[in-house]
Amino acid sequence: MIQEIFQSFPELSDVQRAQFEEMTRLYPKWNEKINVISRKDISNLCINHILHSLAIAKFIRFTPESRILDIGTGGGFPGIPLAVLMPEVKFHLVDRIAKKLRVASDIAEKIGLTNVTFQHGDIGECHENFDFVVSRAVMPQPDLLKIVKKNFSNLQRNAIPNGLITLKGGDIAAELGKLANVSEVIPVSDYFSQPFFDTKMIVYTPNI
């Protein structure tokens with residue numbers, strides 16, 4: 001399964017390949033102690049979690065020194081895979097569940113990530129500014145945008161305006177409501193051919 005990640009990102013360095021390989025060893029070990037991924041789904045780690053997280057990198061490659069907030073990161077998705085892929089970008093991972101954050105922090109340390117920081121608590125306790133906020137199925141897009149609006153930087157350094165990028169499934173149109181007119185919805189199947197992605201979407205809403 002790791003080969004499917006390597007095939008999708010052939011430009012990976014030897015260091016990055018080793019980091020992804022180590023990730024696939026560490027998550028199952030941790031998952032036996034702390035359930036950060038459904039036990040029924042841990043065998044699908046490479047596709048359903050790591051590659052799914054990396055779909056964001058097919059949509060946009062953040063410029064070096066960009067600051068990215070991953071809200072509700074859980075065990076480190078999508079932040080940790082993205083941090084491996086973009087070592088010159090800074091990622092800040094926030095979650096309310098301390099034990100899940102402990103898993104993410106330990107894995108980041110063991111695979112040698114130096115561009116990731118962690119914060120235990122609610123997003124309301126995070127007062128820093130970021131270029132983009134990323135998240136994976138944490139809450140509806142309009143609700144999420146409301147609570148992270150204060151965290152967007154006024155500095156524009158990427159090809160698209162600063163905003164919220166989420167990984168979603170289900171009825172996106174109904175969820176977006178009024179945001180549908182300003183949001184961009186991209187099928188993940190545009191980038192990856194595995195059946196898991198047939199119903200998955202990337203949703204980008206600029207900070208307007």
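The values are calculated or read from the model by the stated rules, or taken from the named source; none is laboratory data. For clarity, every value in this text was computed on a predicted model and none was experimentally measured. Because the Cβ atoms are built from the backbone with ideal geometry, glycine has one as well, and the counts that use them run over all protein chains shown.
When region 177-192 is examined, which residues are found to be farther than 30 Å from Glu4 by Cβ and either polar (S, T, N, Q) or not in a loop (DSSP other than H, G, I, E, B) (or both)?
Gly177, Lys178, Leu179, Ala180, Asn181
Specify which of the listed residues (Val148, Val203, Val133) is closer than 20 Å to Gly79 by Cβ, at pLDDT 95 or above, part of a helix (DSSP H, G or I) and in contact with a strand residue (DSSP E or B) (Cβ under 8 Å, 6 or more places away or on another chain).
Checking each option against the conditions leaves just Val148.
With respect to Ile165, is the statement that it is under 27 Å from Asn129 (Cβ atoms), in contact (Cβ under 8 Å) with a residue 24 or more places away in the chain, part of a strand (DSSP E or B) and over 15 Å from the mean Cα position of the chain (by Cα) true?
Here the answer is no, as Ile165 does not meet what is asked.
Rundown of residues vs (1) part of a strand (DSSP E or B); (2) over 22 Å from Tyr191 (Cβ atoms); (3) in contact (Cβ under 8 Å) with a residue 24 or more places away in the chain; (4) among the aromatic types (Phe, Trp, Tyr), yes/no style:
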| position | (1), (2), (3), (4) |
| --- | --- |
| Phe20 | no, no, yes, yes |
| Thr24 | no, no, yes, no |
| Lys33 | no, yes, no, no |
| Lys40 | no, yes, no, no |
| Asn44 | no, no, yes, no |
| Lys58 | no, no, yes, no |
| Glu65 | no, yes, yes, no |
| Leu69 | yes, yes, yes, no |
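Which of the residues spanning region 10-44 are in contact with a Phe, Trp or Tyr (Cβ under 9 Å, 6 or more places away or on another chain), surrounded by 17 or more Cβ atoms within 10 Å (Cβ to Cβ) and modelled with pLDDT of 95 or more?
Gln16, Phe20
Looking only at residues in region 174-200 that are out of contact with any Pro (no Cβ under 9 Å at 6 or more places or on another chain), among the hydrophobic types (A, V, I, L, M, F, W, C) and more than 14 Å from Met139 (Cα to Cα), which one is modelled with the lowest pLDDT?
Ala180
Need the failing condition index for Gln156 against (1) farther than 30 Å from Gln7 by Cβ; (2) assigned to a strand (DSSP E or B); (3) of a type in the set (S, T, N, Q), just the number.
Tallying (1) farther than 30 Å from Gln7 by Cβ; (2) assigned to a strand (DSSP E or B); (3) of a type in the set (S, T, N, Q), Gln156 fails exactly one: (2).
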